[in-house]
Amino acid sequence: MGDIETPMLPLMEEIWQQTVGWQPNAEQQRQFQQLYELILQGNRSLNLTRITEATEFWEKHLWDSLRAIAPILQTAGEDKQVIDIGTGAGFPGIPFAIALPNYTVTLLDATRKKIAFLETLISQLGIQNATTLIGRAEEIGRQSHKRATYDIALIRAVGTASVCAEYALPLVKVGGLAILYRGQWTDEENAAVQPALKQLGCAIESVQAFSTPLSQSVRHCLYLRKIAPTPAQFPRTVGVPAQKPL
Ligand code: SAH
């Protein structure tokens, strides 16, 4: 522990305020710093992330996780159930849980080692509002006590848009939201994903385009509103959504 000095993350208070309409308080900033340290430590034995430089970590992990949920940060209040599907080292779910302590965040990943890492991380950070779940989204989405029980599903860097939608929508309540984190998003992709969304019982409520504040990388965020129950055949069995996308 602590044999290597971890660099300090930048504060970026003005950028938070201008681009997200929110900024971390002192306790949240402390948790971000500790999160960064624990991920760098975890990276020595687990392949958690390639993004290790402080400024890049701030931009690609912290800012990127929270920019997509700016509308939620600005109207926060009630207790809602959130699931982060394919959370990996905890993105975007951990920053979400730190930023919104009134929401309950379930961190789902198929890799046992990553979930074990997150268990320790949550307790070391003193995060009370996050829990972990090991499994494949295709299996969890078929379990009656998990299906259609979340207000919000988050999914970043797990697959194509239609695969992400098939993983996410079965878990979301009717009236709830799936937030797909994308890089590029073209009109062609937008048209191509429509039949899949229709089958899953959702519609694109909005697409937000933005660039990251330091390196000006392209980002898109798809907000999918669930408007009808997802038919029982979705999600299809393990591997099928990725092999035969809707
Ligand atoms: N969301 C994180 C990690 C992306 S890497 C980030 O943006 O940084 C993709 C992660 O999704 C991996 O940890 C992998 O184990 C997990 N994953 C891939 N397919 C999955 C599935 N079908 N169900 C659950 N987890 C899955």
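In this entry, region 1-98 is assigned a mean projected area of 6.7 nm², taken as a quarter of its C-alpha convex hull surface.
Accessible area per residue for the chain, computed on protein heavy atoms with a 1.4 Å probe, is 45 Å². Sorted largest first, the spans of the alpha carbon positions of region 193-239 along the three principal axes are 43, 26, 14 Å. With a Förster radius of 45 Å applied to the beta-carbon distance between GLU13 and VAL238, the computed FRET efficiency rounds to 0.55. Taking a straight line from the alpha carbon of LYS80, these lysines sit under 17 Å away, with near neighbours fewer than eight places off in the same chain left out: LYS146, LYS173, LYS226. Under a 5 Å amide H cut-off, with hydrogens placed 1.01 Å from N, TRP22 pairs with GLN17 among residues at least 5 apart or on other chains. Extension gain, THR186 to GLN74: 0.36 nm times the residue separation minus the Cα-Cα distance gives 37.5 nm. Its alpha carbons give region 34-170 an Rg and a Dmax of 14.2, 42 Å.
For region 166-240, the relative contact order works out to 43 percent when only alpha carbon pairs closer than 8 Å and six or more residues apart are counted. Across region 27-43, computed HN-Hα scalar couplings (Karplus, 6.51 cos²θ - 1.76 cosθ + 1.60, θ = phi - 60°) run 5, 5, 5, 4, 5, 4, 5, 5, 4, 4, 4, 5, 6, 4, 5, x, 5 Hz from first to last residue, x flagging Gly and Pro. Applying 1/(1 + (r/R0)^6) with R0 = 30 Å to the Cβ-Cβ distance of ILE204 and THR55 gives a FRET efficiency near 0.40.
Considering all different alpha carbon pairs of region 76-243, the Kirkwood hydrodynamic radius works out to 16.1 Å.
In the chain, helices alone account for a calculated mean residue ellipticity at 222 nm of -10000 deg cm²/dmol, with every DSSP H run of four or more residues adding -39,500 (n - 2.57). Amide H to amide H, with H built 1.01 Å from N, GLU205 comes under 5 Å of TYR223, LEU224, ARG225, counting only residues 5 or more places away or on other chains. For region 1-58, the average shadow cast by the Cα convex hull is 4.3 nm², which is a quarter of the hull's surface.
The relative contact order of region 76-243 comes to 20 percent, based on Cα pairs under 8 Å that sit 6 or more residues apart.
Computed 3J(HN,Hα) for region 96-112, one whole-Hz value per residue from the Karplus formula 6.51 cos²θ - 1.76 cosθ + 1.60 where θ = phi - 60°, is 4, 5, 5, 6, 10, x, 7, 9, 9, 10, 9, 9, 9, 8, 7, 9, 4, glycine and proline marked x.
When DSSP beta bridges are restricted to pairs lying wholly in the chain, around 45% turn out antiparallel. Surface composition of the chain: carbon plus sulfur atoms contribute 51% of the solvent-accessible area (1.4 Å probe, protein chains only, all chains present).
The values are calculated or read from the model by the stated rules, or taken from the named source; none is laboratory data. All values derive from a computational prediction rather than experimental measurement. As a convention, Cβ positions derive from the backbone with ideal geometry for all residues, glycine included, and neighbour counts pool all protein chains shown. Heavy atoms of the whole protein, side chains included, go into the accessibility calculation; ligands, DNA and RNA do not. Shrake-Rupley method; radii C 1.70, N 1.55, O 1.52, S 1.80 Å.
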